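Following: one structure in structure tokens, then a few remarks.
The values are calculated or read from the model by the stated rules, or taken from the named source; none is laboratory data. Computed from a prediction, not measured in an experiment: that's the story for all the values here. Here the Cβ is made from the backbone with ideal geometry for all residues, glycine too, and neighbour counts use every protein chain on show. These accessible areas exclude ligands, DNA and RNA; they are computed on the full protein's heavy atoms, side chains included. Shrake-Rupley method; radii C 1.70, N 1.55, O 1.52, S 1.80 Å.
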Amino acid sequence: MGLSTAAEVNDYMKTRSYVEGYAFSAKDVEVFGKIGLPDQKQHPHAYRWYVHTAALSGSKCLALVAGGAGSTGPGAEASARATFGAANGSLPA
């Protein structure tokens, strides 16, 4: 199973919640580290899985969106604020 792009993860996660089996595992963390934050409209299943995995692993995916490896373009920070509700204009640390 090759899960190294958002498109591959999106296709795989159409009918799944986790990479292997029915619970969060090291495989989820492994795949999470390979892809950046997927575009919510283009890859909704990968996006759902990514945000869920970030929450379970304690990752700060908003920090990634603000310019790190998970940044998806110029509108990524504003999109993250809209999605995650950072109303005061500052991203949580």
**OP:** Compute the accessible area per residue over region 1-41, keeping the other protein chains in place, probe 1.4 Å, unit Å².
**Re:** 62
Original post:
In nanometres, what is the gap between the two model label sites at residue 41 and residue 7, each 7 Å from Cα along Cα-to-Cβ?
Top reply: 1.8
Original post:
So what J values fall out for region 5-17 if you push phi through Karplus, 6.51 cos²θ - 1.76 cosθ + 1.60 with θ = phi - 60°, rounded to Hz, Gly and Pro as x?
Top reply: 10, 4, 5, 5, 5, 4, 4, 5, 7, 4, 10, 9, 10
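Top to bottom by accessible area (1.4 Å), largest first, where do 5, 15 land? Working shown, then result.
Numbers: 5 60, 15 120 Å².
Greatest to least solvent exposure: 15, 5.
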